[in-house]
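I have placed the structure first, in the form of structure tokens, so that the comments after it can refer back to it.
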Amino acid sequence: MTPSTIEILPTDDDRRIARLAAAAIALSVAEAAIPLPLPGVKPGLGNIVILIVLLRWGWRDAVWVGLLRVFASSLLLGQLFAPGFFLSLSGSVVSLAVLGLAKHLPRRWFGPVSLSVFAAFAHIGGQLAVARLWLVPHNGVFYLVPVFAVAATLFGLINGLVAAKMLVRLGPLTSPDA
């Protein structure tokens, strides 16, 4: 019997998603080194990349980049399948779902900043739901909602402004399939 090999060649889309995911992962790992005043309150720097991917290449690519970021950064930080991983995953899934819906809102009124704020609130909502249902089976977890809402508003605005500025600098897509 002759040995057979199957060669899977990556496409240009695969390479682009890998580069963007690497950027989001690098930002998430760098963010882990920032001292935080409260557990669970992070700026979400990797979400800037995901927002740019959403607005330039679409929701499918944003989902790939977002999920790769969660799994790879958790693996690199030694938190894969720890409670923090599940909180991050739930926040990302809910955030991506909201972004998928919100992307269809009129661009005239809803741009990168408002999408970023929506995503930040969805992320916090997903995390609080998992925290309440699994980690802290008590309604006292909802006393943290005002603190998280302020953080989501602040970081959502900042990340949205950064993403908007980067989108302007990147300019329109020039590929024929854009």
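Here is how the numbers come out for the structure above:
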| item | result |
| --- | --- |
| Residues His104 and Arg132, FRET efficiency given R0 of 25 Å [Cβ-Cβ distance, rounded to 0.05] | 0.30 |
| Most mobile listed residue (Ile48, Ile124, Ile158) in the chain, GNM with C-alpha springs under 10 Å | Ile158 |
| Of the DSSP H helices in the chain, those whose Cα atoms cover at least 20 Å axially and whose Kyte score averages -0.5 or more | 12-31, 59-76, 83-102, 112-130, 145-170 |
| Of Ala24, Ala62, Ala164, the one that fluctuates the most in a GNM where the chain has Cα springs shorter than 10 Å | Ala164 |
| Accessible area per residue in Å² at 1.4 Å probe, computed on the chain | 61 |
| Förster radius 45 Å - calculated FRET efficiency between Thr5 and Ala33, Cβ distance, rounded to 0.05 | 0.60 |
| Efficiency of FRET between Ser114 and Val147 - r from beta-carbon atoms, R0 25 angstrom, step 0.05 | 0.70 |
| Of all accessible heavy-atom area on the stretch 6-89, the percent that carbon and sulfur account for (1.4 Å) | 70 |
| Highest-fluctuation residue, Leu76, Leu99, Leu89 considered, GNM on the chain with Cα pairs under 10 Å | Leu76 |
| Euclidean distance of C-alpha centroids, the stretch 9-52 and the stretch 145-163, integer Å | 16 |
| Value in Å of the Kirkwood radius, where the stretch 1-129 supplies the Cα pairs that are averaged | 15.6 |
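The values are calculated or read from the model by the stated rules, or taken from the named source; none is laboratory data. This structure is a prediction, so every number in the text was calculated from the model and none was measured. As a convention, Cβ positions derive from the backbone with ideal geometry for all residues, glycine included, and neighbour counts pool all protein chains shown. Just the protein is used for accessible areas: all its heavy atoms, side chains included, with ligands, DNA and RNA removed. Shrake-Rupley method; radii C 1.70, N 1.55, O 1.52, S 1.80 Å.
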